[in-house]
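Input: a single structure, listed below in structure tokens.
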Amino acid sequence: MIASHTIIPVIGVPIMVYNDKGQSDRFKFSAFGGLDSLLSISEMPTGSPVVTVGVNKAANAGLYAVKILANEFLDLQKKLKQYKDDQHRSVLKESEELKRLGLTRFTGKKFKK
């Protein structure tokens, strides 16, 4: 909706909605698991484009906003490059750990946290 009223880029973040109006103390998540939200954002009419990230992926929306702003601000460009380099090194480190431990021990370690 906002995209139809502005010329600035809009990033849609679909969320998994819940219904807390029930009798139970527990949250009841929607039967669609956020898909309804995803579709309502990604299917905007022609003329009102919206970038859409995955369900509950606000961090990705933030990174995308930084990418847009980094086209104008060199300090953001440098920080984004550093972030991507750190991310790359983290994946390589984790890959080496997987090779060293083996799949069973590696996944067991990850899921115990």
Kindly check whether there is at least one residue in the range 88-111 that is under 30 Å from Tyr18 (Cα atoms), among the hydrophobic types (A, V, I, L, M, F, W, C) and assigned to a helix (DSSP H, G or I). yes
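Tell me yes or no: at least one residue of the range 16-23 is on the phi < 0 side of the Ramachandran plot, among the polar types (S, T, N, Q) and at pLDDT below 85. If you could, list the steps in order and put the result at the bottom.
Taking the range 16-23 first, the residues on the phi < 0 side of the Ramachandran plot are 16-23.
Retained after the next criterion (residues that are among the polar types (S, T, N, Q)): 19, 23.
Filter again for at pLDDT below 85, leaving 19, 23.
Yes, there is a match, as at least one residue in the range 16-23 is on the phi < 0 side of the Ramachandran plot, among the polar types (S, T, N, Q) and at pLDDT below 85.
For Ala61, indicate whether it is closer than 30 Å to Ala3 by Cα and modelled with pLDDT of 95 or more. Write out each step before concluding.
Values: closer than 30 Å to Ala3 by Cα: yes; modelled with pLDDT of 95 or more: yes.
When the stated conditions are applied, Ala61 passes them.
The values are calculated or read from the model by the stated rules, or taken from the named source; none is laboratory data. All values reported here derive from a predicted model rather than from experimental measurement.
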